[in-house]
1. Normalised radius of gyration for region 4-60, please: alpha carbon Rg relative to 2.2 N^0.38 Å, two decimal places.
2. Enter the accessible area of H18 (Å², nearest 10), with the probe set to 1.4 Å and all protein chains included.
3. Please report the antiparallel percentage of the DSSP beta bridges confined to the chain, to the nearest 5.
4. Could you check how much of the accessible area of the chain is carbon and sulfur, as a whole percent, using a 1.4 Å probe?
5. Nearest 500 deg cm²/dmol is fine: what mean residue ellipticity at 222 nm does the chain get from its DSSP H runs of n ≥ 4 alone, each adding -39,500 (n - 2.57), divided by its residue count?
6. Can you list which of the chymotrypsin sites (Phe, Trp or Tyr not before Pro) found in region 1-98 are DSSP loop residues with at most 15 other C-beta atoms within 10 Å?
7. For region 1-54, which trypsin sites (Lys or Arg not before Pro) are both in a DSSP coil and crowded by at most 11 other Cβ atoms within 10 Å?
8. Would you report the distance distribution of C-alpha pairs in the chain as whole percents per 10 angstrom bin, up to the bin with the largest distance?
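The values are calculated or read from the model by the stated rules, or taken from the named source; none is laboratory data. Given the structure is predicted, the values throughout are model-derived calculations rather than measurements. When we count neighbours, we look across all protein chains shown, and the Cβ atoms used for this are built from the backbone with ideal geometry, even at glycine. For the accessible areas, the whole protein counts, side chains as well, though only heavy atoms, and no ligand, DNA or RNA atoms are used. Shrake-Rupley method; radii C 1.70, N 1.55, O 1.52, S 1.80 Å.
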Amino acid sequence: MKIELNPTQRRALRAQAHGRNPVVSIGQNGLTDAVIREIALSLDAHELIKVRVFSDEREEREALFDSICDQLDAAPVQHIGKLLVIYRPNPDRPRITLPQEKGSKTSTVKLKSPK
């Protein structure tokens, strides 16, 4: 089951992902078990990652994006070109605090800078 993000949270995550480099690449063999494990490990360590897909077919990249998020209970943040941005909070060591929806009564918390 995918995590649902509101537009404010998605925007904040996109902004934080901007300066990051892809940590996992999906090549000609597609989405293998080893690739899924590597993405899961990266999400546990960083919570927000970029994945590079070397496929030229947009429909295939969209299918991979949906499949990754479904299998790993993650949130799809952005699909731009051959890059996929994926977020999954780590319940043991949260690194990113998401802002609340605009108009809510709780205050917005700034995201931690990536280090």
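1. Details: Rg = 12.8 Å, N = 57, 2.2 N^0.38 = 10.2 Å.
Compactness ratio reported: 1.25.
2. Spelled out: H18, probe radius 1.4 Å, area about 150 Å².
3. Numbers: 10 of 13 bridges.
The antiparallel fraction comes to roughly 75 percent.
4. On the way: 3530 of 7120 Å².
Reported share for carbon and sulfur atoms: 50 percent.
5. Working: 3 runs with 40 residues, N = 115.
Computed mean residue ellipticity for the chain: -11000 deg cm²/dmol.
6. Values: sites: F54, F65, Y87; in loops: F54.
Those that pass, being in a loop and sparsely packed, are F54.
7. Values: sites: K2, R10, R11, R14, R20, R37, K50, R52; in loops: K2, R20.
When the trypsin sites (Lys or Arg not before Pro) of region 1-54 are filtered for loop state and at most 11 Cβ neighbours within 10 Å, nothing remains.
8. The percentages, shortest bin first, are 14, 48, 30, 8, 1.
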